[in-house]
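> So that we are looking at the same thing, I have put the structure below in structure tokens.
Rule-based calculations on the coordinates, nothing more; no lab input. Since we're looking at a predicted model, the values are computed, not measured. Cβ atoms come from the backbone with ideal geometry, glycine included; neighbour counts cover every protein chain shown.
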Amino acid sequence: MKKQSVTLVQVAKKAGVSVMTASRAMSGEGYVSEDTKARVQEAAKALGYAPNALARVMKGGRTNVIGVVVNDLSSVVVNAFVSALTEEVRKYEMDLFIYNSIGQLDEQTQRRHSQLLHGLWDGLIYVLPRMTDEYLHELEKSASPIVLVNFCRRDTTLPVVQGDNFNAARDAVAGLIAQGHQRIAFIKGTHWTGQSAERERGYRQAMADAGLHIDKQWIEQGTYSEQSGQEAAQRLLALAERPTAIFCANDEMAIGCMNAARALNLQVPDDLSLIGFDDVTAASIVRPQLTTMRHPLPLMAQAAVQELMRRILGQPGTRQRVEFPAEMVVRESTAPIAGITKRRTRKA
């Protein structure tokens, strides 16, 4: 026989309060003394009462749940950001619901995504969203509180929290140029979020600022994976006049470049300087340790939750775009071109 669910009426009776008072004590909405709240919560725990989130939504109430939509939870960056989001959400005494969307954004997947707008949460955060313009337009029309994280492919009416990709990339390449490098290649990632395009724009700007020509063979397409970085580097290092430095749109591709260099008996940074992006954990573990660009993920998570909560609570002062600068983390994978020349001379 199926066990019947405990009702709020039973909780109120056990606590010796009215149903309305029990409801306020459990939802946190409306005034209830601390003693009464503790008594109601103790009664609920003793009876095994679980609030019905669906019923609360149907009555126009809040669920105290924030939904987070990601495209690949196995991504190191996404995982780190979701962990930071979890810490922020807890500060509001709310829960996090994670929806991991994997694969191509076909019509069926897009239909499932549309159903998220009517789910059991007070608002949604999309992390590195992989979406079509049609779906983005649907989000823009929605009345649901929504915040996008690291989306810069095109302008949107939705609030966006992101890292500054253009200036970070320009700084990364300018650092290589300051070390004497002129043949600098770039391995880009996928187009979905617009981050790679901004990093490529920063790369091109730094080269233009220094009056350096970019050979079209120096720009390679990757997919943000280590394997794609290794394959792109193999093509770059096979050029008759190979690059002396490679800037990658993320760390995983830069680590793939290290593998490609090692297979050719090239030393990093003696024969090839490398810079990645994101400062994932592996960047400080690989040998040589990887020079990279780091965005402040905890601060970005804090801003994303704050922007969403303002919209959930209907508070004024909301911002449409919040951008954070990146920090260059200098490690062992870069070296001045003059130093490279001296080392080669000594070896000869």
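> Projecting each Cα onto the charge dipole of the chain (Lys/Arg +1, Asp/Glu -1 at the beta carbon, about the Cα centre), which of Ile66, Phe277, Leu158 comes out farthest on the positive side?
Highest projection toward the positive end goes to Ile66.
> What angle do you read, to the nearest 10 degrees and between 0 and 90, between the alpha-carbon axis of helix 251-263 and the longest principal axis of the chain?
30
> Gln221 to Leu47: FRET efficiency via 1/(1 + (r/R0)^6), r the Cβ-Cβ distance, R0 56 Å, to the nearest 0.05?
For R0 = 56 Å, the calculated efficiency reads 0.40.
> Which value, in debye to the nearest 20, describes the size of the charge dipole of the stretch 8-51 about its Cα centre when Lys and Arg Cβ atoms bear +1, Asp and Glu Cβ atoms bear -1, and nothing else is charged? Show your work: numbers first, answer last.
On the way: 6 positive and 4 negative charges, 32 e Å.
I would put it at about 160 debye.
> Between Glu42, Glu134, Glu307, where does the largest GNM mean-square fluctuation fall for the chain, given springs only between Cα atoms within less than 10 Å?
Glu42
> Assuming a ≥ b ≥ c are the square roots of the Cα gyration tensor eigenvalues, decide whether the stretch 120-278 counts as rounded (a/c under 1.5), prolate (otherwise, with a/b larger than b/c) or oblate.
On the way: a/c = 2.81, a/b = 2.07, b/c = 1.35.
Note, shape of the stretch 120-278 comes out prolate.
> Of the candidates Arg242, Arg294, Arg130, which one comes out as most mobile in a Gaussian network treatment of the chain with C-alpha springs shorter than 10 Å?
Residue with maximal mean-square fluctuation among Arg242, Arg294, Arg130: Arg242.
> Counting pairs on different chains as well as pairs 8 or more places apart, how many Lys pairs in the chain have Cα atoms under 30 Å apart?
Close lysine pairs found across the chain: 25.
> So how strong a dipole does the chain carry about its Cα centre when Lys and Arg Cβ are +1 and Asp and Glu Cβ are -1, to the nearest 20 debye? Intermediate values should be presented prior to the final figure.
On the way: 41 positive and 37 negative charges, 128 e Å.
Around 620 debye, computed over the chain.
> Antiparallel versus total DSSP beta bridges in the chain: what percent is that, nearest 5? Don't jump to the answer; show the numbers that get you there.
Details: 3 of 34 bridges.
That works out to approximately 10 percent antiparallel.
> Using a Gaussian network model of the chain with C-alpha springs under 10 Å, which one of Ala260, Ala210, Ala240 is most mobile by mean-square fluctuation?
Among Ala260, Ala210, Ala240, the largest mean-square fluctuation in the Gaussian network model of the chain belongs to Ala240.
> Would you indicate which of [x] 55, 24, 20; [y] 51, 20, 17; [z] 28, 28, 24 is the value of semi-axes √(5λ) of the Cα gyration tensor in Å derived from the coordinates of this structure?
[y]
> How much net charge surrounds Glu327 when only other residues with a Cβ under 12 Å from its Cβ are counted (Lys, Arg +1; Asp, Glu -1)?
Numbers: positive: Arg294; negative: Asp164, Asp171, Asp278, Asp279.
Cβ neighbours under 12 Å give a net charge of -3.
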